[in-house]
Amino acid sequence: MIKLGSQGRKAILQLADEKNILLEGNFIKLIDDEGDDEFRIYLDQALAIDKETRKKRLEVTRDVQEKNKELLAAQEVNENLMIEIREALEKAEHAKRAAESDLDLLQKRTQYELVGSIVRAALGVIIGVGIVTTGLYVLTMLIGRDTTLIENAWSNMFGILLTNSFSIIGTIMGVKYANSDEKRE
């Protein structure tokens, strides 16, 4: 046991009265009151207050620990959600790329079908005009009329049709070249 003497006990009691400062901790249990009833009451009061303070500190510590557990659990949930969001974003990006690829393929197919339709129509017109002009030329020769006018028309018509045919083919080749995915130098 620790003996403080009358001067030490008086100083501790005075500090408690004037500044409301009490001893704390297990140190209180080691102090001998030396038969001083006032100091014994002080020690009992200080011990009771210390026990209450420790109890409150323990409760605060437990609350902090519980909140830390909750925060860690929430952080884990947030991390899992972030992982799920990243995975969903990657899936969405993949789906977007696939949709863009499908759209590009569909546009090219539609474009090639349109070009094919234009070529068929142009060839039909060219062949039809050629047949009609040739038929008129042959008919004129068979009935014995003057074919000079029809010869010139027939010759000009085939020149124009040939020029238009090459123009159409050049346009189609240009469209195919412009849409090709190969690198051009």
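On the stretch given as segment 155-185, residues that are aromatic (F, W, Y) and at pLDDT 75 or above total 2. Looking only at segment 139-162, residues that are charged (D, E, K, R) and loosely packed, with under 12 Cβ neighbours inside 10 Å come to 2 in all. Here A95 passes the criteria (1) within 21 Å of I2 (Cβ to Cβ); (2) modelled with pLDDT of 90 or more; (3) among the small types (G, A, S) except the one numbered (1).
Close contacts from segment 99-113, counting a first residue that is closer than 13 Å to V175 by Cβ and a second that is part of a helix (DSSP H, G or I) and of a type in the set (A, V, I, L, M, F, W, C), with Cβ to Cβ under 8 Å and a gap of 6+ residues or different chains, come to Q111/V175.
Taking segment 132-146, which residues are without any contact (Cβ under 8 Å) to a residue 12 or more places away in the chain and in a helix (DSSP H, G or I)? Across segment 132-146, the qualifying residues are V132, G135, V138, L139, T140, M141, L142, I143. Exactly one residue among L136, L114, L103 is surrounded by 10 or more Cβ atoms within 10 Å (Cβ to Cβ), touching a helix residue (DSSP H, G or I) at 6+ places or on another chain (Cβ under 8 Å) and not β-branched (V, I, T), and that residue is L136.
Please determine whether any residue of segment 42-55 is more than 30 Å from I31 (Cα to Cα), in a helix (DSSP H, G or I) and of a type in the set (D, E). Looking through segment 42-55, none of the residues is more than 30 Å from I31 (Cα to Cα), in a helix (DSSP H, G or I) and of a type in the set (D, E).
Of the candidates V125, V129, V119, the single residue that is under 19 Å from M173 (Cα atoms), touching a helix residue (DSSP H, G or I) at 6+ places or on another chain (Cβ under 9 Å) and assigned to a helix (DSSP H, G or I) is V119. For segment 107-156, residues that are more than 54 Å from the chain's Cα centre (by Cα) and farther than 19 Å from S167 by Cα total 24.
Yes/no per residue for (1) small (G, A, S); (2) at pLDDT 90 or above; (3) surrounded by 10 or more Cβ atoms within 10 Å (Cβ to Cβ):
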| residue | (1), (2), (3) |
| --- | --- |
| N26 | no, no, no |
| D32 | no, no, yes |
| F39 | no, no, yes |
| Y42 | no, no, yes |
| D50 | no, no, yes |
| V64 | no, yes, yes |
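Any residue at all in segment 62-83 that is touching a helix residue (DSSP H, G or I) at 6+ places or on another chain (Cβ under 6 Å), without any contact (Cβ under 8 Å) to a residue 24 or more places away in the chain, part of a helix (DSSP H, G or I) and at negative phi? No, every residue in segment 62-83 fails to be touching a helix residue (DSSP H, G or I) at 6+ places or on another chain (Cβ under 6 Å), without any contact (Cβ under 8 Å) to a residue 24 or more places away in the chain, part of a helix (DSSP H, G or I) and at negative phi.
So is K91 more than 25 Å from M173 (Cα to Cα), basic (K, R) and surrounded by 10 or more Cβ atoms within 10 Å (Cβ to Cβ) or not? It is true that K91 is more than 25 Å from M173 (Cα to Cα), basic (K, R) and surrounded by 10 or more Cβ atoms within 10 Å (Cβ to Cβ).
The values are calculated or read from the model by the stated rules, or taken from the named source; none is laboratory data. Quick caveat: nothing in here was measured; it's all calculated off a predicted structure. Cβ atoms come from the backbone with ideal geometry, glycine included; neighbour counts cover every protein chain shown.
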